[in-house]
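The values are calculated or read from the model by the stated rules, or taken from the named source; none is laboratory data. This one's a predicted model, so the numbers in the text were calculated from it and none came from an experiment. Note: ideal-geometry Cβ built from the backbone for every residue, glycine included; neighbour counts use all protein chains shown. For the accessible areas, the whole protein counts, side chains as well, though only heavy atoms, and no ligand, DNA or RNA atoms are used. Shrake-Rupley method; radii C 1.70, N 1.55, O 1.52, S 1.80 Å.
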Amino acid sequence: LLGDPNQLPQVSQGAQPDAAKVSVLQHLLGSDETVPRERGIFLERTWRLRPEICAFTSEAYYEGRLLPAEVSGLRSLAAGNGLVIDAIEHAGRSQSSWEEADAVAEAIRALLGTPFTDESGVVRAVGMNDVLVVAPYNAQVRRLRQRVPDGVRVGTVDKFQGQEAPVVLISMASSTAEDAPRGIGFAFDRHRVNVATSRAQCRVVLVCAPRLLDAD
């Protein structure tokens, strides 16, 4: 069996007991976040995530066992690497926020044309294809598409699983935990956050209202 239960499962519909919803691999792992050494092999190297992003991902989702391959540290953005929070004040927003859409568009315009160094040491300008924009709700995806430059990829977490880019911007949309339409458990579901943040090679920007983070 080969897989990563800490990312998104296949989309399915139906009424089932919780134990029946999990994959065979999840069932065998039980409460373990990674496969124990005595039961299998954990592929402990990431060729995508810079050390700053890998450190967060490893601690939060992989029991501290995930390490960056040397090549991942060779990529770099002149605008800065790692994880960044861009706090945007707004109120009464549920599934969409024009304030966040404008902030994301501004951040992208500031990044375009800045230097990016790839794993071979070649320096080039950041382009449209170097940016992913992720949102938890389709309504916010529509707002973002109306604001960001044409050619930038925008979608929900489900759409981008398996993809990557030097920069990922995540727009949460909701003003507070109470405003989140499917509850804070959906917005900050550990599998969804893991997938969203681990698309980035160099830089992750979380765009959200500060009060959204004031939740259990």
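Okay, here's what the table says:
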| item | result |
| --- | --- |
| Percent of C-alpha pairs per 10 Å bin, segment 127-216, short to long | 17, 53, 27, 3 |
| Beta bridge orientation in the chain: antiparallel %, DSSP, nearest 5 | 20 |
| Given charges at beta-carbon only (K, R positive; D, E negative), |dipole| of the chain in Debye | 560 |
| Using θ = phi - 60° and Karplus 6.51 cos²θ - 1.76 cosθ + 1.60, couplings along segment 189-196 (whole Hz; Gly, Pro as x) | 3, 4, 5, 5, 5, 4, 4, 4 |
| Whole-Hz ³J(HN,Hα) from phi, Karplus 6.51 cos²θ - 1.76 cosθ + 1.60, for segment 27-36, glycine and proline x | 4, 6, 6, x, 7, 6, 7, 10, 5, x |
| Percent carbon-and-sulfur accessible area, segment 81-216, ignoring ligands, DNA and RNA, probe 1.4 Å | 46 |
| Check: segment 1-99 dipole with +1 on Lys, Arg Cβ and -1 on Asp, Glu Cβ, in debye | 300 |
| Solvent-accessible area per residue for the chain (1.4 angstrom probe, square angstrom) | 52 |
| Choice from G80, G14, G40 showing the highest fluctuation, given a GNM over the chain with Cα pairs closer than 10 Å | G14 |
| In order through segment 149-154: 3J(HN,Hα) via Karplus (6.51 cos²θ - 1.76 cosθ + 1.60), integer Hz, x for Gly, Pro | x, 4, x, 7, 6, 10 |
| Prolate/oblate/rounded call for the chain, Cα gyration tensor, a/c under 1.5 rounded | oblate |
| Inter-label distance for L28 and L83, nm, one decimal - labels placed 7 Å from Cα along Cα-to-Cβ | 3.0 |
| Net charge, V157 excluded, C-beta distance under 14 Å - Lys, Arg +1, Asp, Glu -1 | +3 |
